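These notes concern the structure reproduced below.
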Amino acid sequence: MSGNSLLPDTNIVLYLLSGDKTLAEILYRKKLYLSFINQLELLGFEGITSAQEKVIS
């Protein structure tokens, strides 16, 4: 992956989905890729909203 593409950890994605502005600024204009495992972990997260589920999907 180039310096503009990232494969974030599931926790990083959860922070982003919860509105972490610091992470959003750091990752602004980066291409984020999710692995199948990331998607499963995120979709199985207990506190996920339907709006967040759409973003993940």
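Quick notes on this one:
- Once the gyration tensor of the Cα atoms in the chain is diagonalised, the equivalent ellipsoid follows with semi-axes of 19, 14, 9 Å, ordered largest first.
- Between Lys31 and Leu7, the contour length at 0.36 nm per residue exceeds the alpha carbon distance by 7.8 nm.
- Using the rule -39500 (n - 2.57) for each DSSP H run of four or more residues, divided by the residues of the chain, the 222 nm mean residue ellipticity is -13000 deg cm²/dmol.
Throughout, read-outs are computed from the coordinates displayed, never taken from laboratory work. The model shown is predicted, which means the values in this text are computed figures rather than measured ones.
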